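A quick write-up on the structure given underneath.
Values in this text are rule-based calculations from the coordinates and carry no lab data. All values reported here derive from a predicted model rather than from experimental measurement. Cβ placement follows ideal geometry from the backbone for every residue including glycine, while neighbour counts extend to all protein chains displayed.
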Amino acid sequence: MSAARIMESPAWATAAPRLSVLIPFLRDDPADLLARLESEAAGLTGAVEVVLLDDGTGDAGLTARLVNQLTKGALPARLITLDGNEGRSVGRNRLASAARGDWLLFLDSDMRPDGADFLQEWLAQTHGPSAVVFGGFSLEQAPDEARFAVHRALSGHAECVAAAERAKQPEKYVYTSNLLVRRDVFEAEAFDPGFTGWGWEDVEWAMRVSRRFPVGHVDNPATHMGLDEVAALTAKYEQSAPNFARVVARHPDIVAAYPSYRLARVLKRTPGLSLARPMLKRAAATAWLPVKARALSLRLYRVALYADVV
């Protein structure tokens with residue numbers, strides 16, 4: 001494991017939180033999210049702490065700014081700075097180990113709470129029936145630039161889904177970007193460090209958890225601010241194919257119901273797939289095509305990648 005430096009805010013030592021907000025980041029600045037959380041947590045009488053993990057950014061200036069922000073603030077907070085990158089699964093496992101609350105709220109650094117009572121709603125959920133609860137995505141505050149239009153279309157179609165709809169396939173719509181987990185659940189089922197790169201480690205975790213614990217969904221959304229351009233999305237999809245294969249191998253009964261899996265199986269038997277993939281990739285990147293056509297091309301490109309591993 002990478003060497004770690006730990007800084008704690010003045011309020012950390014005496015806090016006895018119920019809820020630990022866990023925020024990993026890599027080359028992102030979580031200062032704005034941290035300020036928003038501190039503003040709300042000020043009225044929650046020590047019920048909330050924040051643990052941040054810098055997963056190998058290597059930016060001394062960013063570290064210094066965060067240390068200054070935490071030192072001046074009243075929020076119980078711990079900053080863990082790693083010398084090297086450990087990856088999404090290992091980093092989140094490390095965050096959970098560093099937290100003290102009975103409930104863990106995983107929140108990505110590029111998320112922004114939509115409601116003024118975001119933390120209060122999550123604290124209320126700690127008294128509910130579900131051991132795992134996903135709060136949902138939105139695009140309410142996300143940038144509306146043309147270069148992000150394809151990602152907005154994809155996210156709006158597949159991720160910004162109301163709780164009632166998500167609850168029909170509860171394990172499918174679980175992402176660590178806005179996820180509440182009871183501590184004993186995470187101690188029983190941590191993230192699989194065998195996942196590398198981008199994608200599927202949180203959904204696979206939810207598949208395991210859903211076999212043992214109730215998974216719930218509520219509408220307590222946060223906006224995904226970190227939209228990507230098409231080139232970045234295609235790179236992530238290319239990374240995710242081996243992870244998808246890992247999920248299929250472990251949970252064939254669940255994945256069999258996913259449209260992406262069924263279509264990948266069909267495409268696997270389609271002649272000329274290796275020729276079609278680069279065409280789909282180029283179409284997704286072609287700015288003059290309609291956004292819906294580009295988004296469809298990108299979805300098909302991802303499924304065509306998965307066809308090689310199913």
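Could you compute how fast region 229-310 diffuses translationally, taking Rh as the Kirkwood radius over C-alpha pairs and applying Stokes-Einstein at 10 °C with viscosity 1.306 mPa s? Give it in µm² per second. Estimated via Stokes-Einstein, D reaches 122 µm²/s. Cβ crowding within 10 Å, taken as a proxy for footprinting-reagent exposure, orders Glu165, Glu189 from fewest neighbours to most as Glu165, Glu189. Partners of Lys281 within straight-line reach, counting aspartates and glutamates whose Cα lies under 14 Å from its Cα and excluding those fewer than 8 residues away in the same chain: Glu229, Glu238. Rounded to the nearest 10 degrees, the angle from helix 201-210 to the longest Cα principal axis of the chain is 80 degrees.
With the Cα gyration tensor of region 4-227 giving a ≥ b ≥ c as the square roots of its eigenvalues, does the rule (a/c under 1.5 for rounded; else a/b larger than b/c for prolate; else oblate) give rounded, prolate or oblate? List each step's numbers first, then the result.
Numbers: a/c = 1.34, a/b = 1.20, b/c = 1.12.
Rounded.
So what's the back-of-envelope 222 nm ellipticity for the chain, counting only DSSP H runs of four-plus at -39500 (n - 2.57) apiece and dividing by all residues, rounded to 500? Please list the in-between numbers first.
Values: 13 runs with 137 residues, N = 310.
Value at 222 nm, helices only, nearest 500: -13000 deg cm²/dmol.
Can you give me the relative contact order of region 4-227 as a percent, contacts being Cα pairs under 8 Å and 6 or more apart?
Values: 439 pairs, mean separation 59.4, N = 224.
Averaging sequence separation for qualifying contacts and normalising by length gives 27 percent for region 4-227.
Under unit Cβ charges (Lys, Arg +1; Asp, Glu -1), what dipole magnitude, rounded to 20 debye, does region 4-227 have relative to its Cα centre? Let's see the in-between values first.
On the way: 22 positive and 32 negative charges, 81 e Å.
The calculated dipole for region 4-227 is roughly 380 debye.
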